[in-house]
1. So for segment 4-111, averaging the separation of alpha carbon pairs under 8 Å that are six or more residues apart and normalising by length, what relative contact order in percent results?
2. Which far-off residues, 5 or more places away or on another chain, put their amide H under 5 Å from the one on residue 24, with H placed in the peptide plane?
3. Report the charge-dipole magnitude of segment 4-111 in Debye, nearest 20, computed about the Cα centre from +1 at each Lys and Arg Cβ and -1 at each Asp and Glu Cβ.
4. What list of ³J(HN,Hα) values in whole Hz, one per residue of segment 39-47 in order, does the Karplus curve 6.51 cos²θ - 1.76 cosθ + 1.60 (θ = phi - 60°) give from phi, with Gly and Pro shown as x?
5. Excluding residues on the same chain fewer than 8 positions from residue 60, give the aspartates and glutamates whose Cα lies under 17 Å from its Cα.
6. From the phi of every residue in segment 11-19, what ³J(HN,Hα) in whole Hz does the Karplus formula 6.51 cos²θ - 1.76 cosθ + 1.60 yield, where θ is phi - 60° and glycine or proline is x?
Amino acid sequence: MMSTESLLLDSTQYLASLRDGREVYIYGERVADVTTHPSFRNSCRSIARLYDALHDPKYKDVLTTVDSLGHRTHKFFKPSTSAQELFEAREALITWARLPILSSMRLSTTVRVTGMRNIPRNASSSIMC
C-alpha cells in the first residue's frame, strides 16, 4: 500500500505543478511561468508554504487526517461524518489561515485558497459567500 505521506504535495511539488503549460495573461502579456513572474511569484511561494505546513510536525495533526481509503488529506477535504470531524475541519482551516506565512497575503487571497467565507454570527438560514 502506498504511504499516506506520498499523496500530499510539498512546496517543491506544488510549484512544479504550476509549470504545466497553462495559459495565464496579465495586462495582455502571456506569463511563461507564474512561479517566477513578479506579479504571481510571491503568492505562489506563500501557497507553497501552506503545502509544507501539511508536513510540519507542529501542524500535521491539526491540519491533516487519513481518509477512509487510507490517504492523508487536509481535514477540510475529508467528508465529515460527525460533529467532531466538522469542528476539526473548521479548526484546520482557521489554523491554516492564521499561519504566519499568510501574513503578507491579502485576506481575499486567503479566502480563495482555503475556501473560508465570512459568515456572520447572526446568520440564520442564509450563508454569505
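No value in this document is a laboratory result; all are computed from the given coordinates. Remember, predicted model here, so these are calculated numbers, not experimental data. FYI the Cβ positions are ideal-geometry reconstructions off the backbone, even for glycines, and counts take in every protein chain you see.
1. Numbers: 105 pairs, mean separation 26.7, N = 108.
Rounded, it is 25 percent for segment 4-111.
2. Result for residue 24 returns 31.
3. Values: 14 positive and 13 negative charges, 57 e Å.
Roughly 280 debye for segment 4-111.
4. Per-residue couplings from phi come out as 7, 10, 4, 5, 5, 4, 5, 5, 5 Hz.
5. 5, 10, 52, 85, 88, 91
6. Values per residue, Gly and Pro as x: 4, 5, 5, 4, 4, 4, 5, 7, 9 Hz.
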